[in-house]
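Peer 1: The structure is given below, and queries will be raised subsequently.
The values are calculated or read from the model by the stated rules, or taken from the named source; none is laboratory data. Note that the structure is predicted; figures quoted are calculated from it, not measured. Reconstructed Cβ throughout: ideal geometry from the backbone, glycine too, with neighbour counts over all protein chains shown.
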Amino acid sequence: MTSEEHASTLWRISAFDRLHQQAQQDPDRPTIVSSTLMAEIAALERRQDENDALEVLAACVRLQEPALVYLRFAELVWPVTVFPAQMLYHSPRPLSEAVDGALARVSVMAIEPPAVRLPGRALGGAVASDDGFHALAPVLWRLALHGPRGRLLGEIGGTAAYRVLRTPQADELPLPGALGAAAERLRRESASLKQIAGWPGMSLERAARLLNALYLGTNLMVSRSAAAARAEPRRGLLGWLSGR
């Protein structure tokens, strides 16, 4: 299997291990993932979050590191190459085709160096066609709101207060109902996760999803020392525990 083939094919989960092993034996395949990104993945492994799609993609975005991420949607493995510096991703099919129900179960199978490169870029790997590229921001937004992660990303958790920098409508990203009202309120005042969860139509999970989406859209200010900063409520076996 060539680099181009292994970056443009959806694999069934039953065949993933075999085909993935074959792809790794390709002598032309890039083999180096940056040490900074690997350190982030190792930290996620220690927290048992290495299969968390939102955390892995957030690490790529935070470090501005391109990577090939194999996402599992039900019985299919979807190879997605993210280019955070350009806020683009390459995939054989746009992730907008994934329904919300599929996003709720997505997980990471593996992460590798990019097997394709941006058109015109002097990097190793096959040159991807323009029609395989899509905007990354809407995917991160949908994954934050509808994916399996219902708690804050590690980067923005802990003791903090949050404020929105600009109206989400300016980025043409949908925030229906109570989520939109909460985002507009956060433009006027800072609030902790627990405070946001207590607003009309909100909950701890909805508040965490909103903050994750805003953060990945570079539309969230996180303050550790503001007067409104409070400890993040802890989550126990029976649900959310009260924060201070």
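Peer 1: Name the single residue, out of those in the range 38-66 being crowded, with 18+ Cβ neighbours inside 10 Å, among the charged types (D, E, K, R) and in a helix (DSSP H, G or I), that is modelled with the lowest pLDDT.
Peer 2: 40
Peer 1: Being aliphatic (A, V, I, L, M) and either farther than 30 Å from residue 65 by Cβ or surrounded by 20 or more Cβ atoms within 10 Å (Cβ to Cβ) (or both) narrows it down to one residue among 229, 135, 197; which is it?
Peer 2: Exactly one of 229, 135, 197 is aliphatic (A, V, I, L, M) and either farther than 30 Å from residue 65 by Cβ or surrounded by 20 or more Cβ atoms within 10 Å (Cβ to Cβ) (or both), namely 197.
Peer 1: Please enumerate the residues belonging to the range 67-121 that are surrounded by fewer than 16 Cβ atoms within 10 Å (Cβ to Cβ), of a type in the set (Gly, Ala, Ser) and part of a loop (DSSP other than H, G, I, E, B).
Peer 2: Across the range 67-121, the qualifying residues are 74, 104, 120.
Peer 1: Among 207, 181, which is among the small types (Gly, Ala, Ser) and either under 23 Å from the mean Cα position of the chain (by Cα) or assigned to a loop (DSSP other than H, G, I, E, B) (or both)?
Peer 2: 207
Peer 1: Does the range 158-175 contain any residue that is assigned to a helix (DSSP H, G or I), assigned by TED's automatic domain parsing to the domain that holds residue 230 and farther than 26 Å from residue 84 by Cα?
Peer 2: Taking every residue of the range 158-175 in turn, none turns out to be assigned to a helix (DSSP H, G or I), assigned by TED's automatic domain parsing to the domain that holds residue 230 and farther than 26 Å from residue 84 by Cα.
Peer 1: Scanning for something modelled with pLDDT of 90 or more, out of contact with any strand residue (DSSP E or B) (no Cβ under 7 Å at 6 or more places or on another chain) and outside the structural domain of residue 218 (by TED's automatic domain parsing), does the range 13-32 turn up at least one residue?
Peer 2: No - not one qualifying residue is present in the range 13-32.
Peer 1: Only one of 182, 191 is at pLDDT 95 or above and closer than 27 Å to residue 87 by Cβ. Can you tell me which?
Peer 2: Of 182, 191, the one residue that is at pLDDT 95 or above and closer than 27 Å to residue 87 by Cβ is 182.
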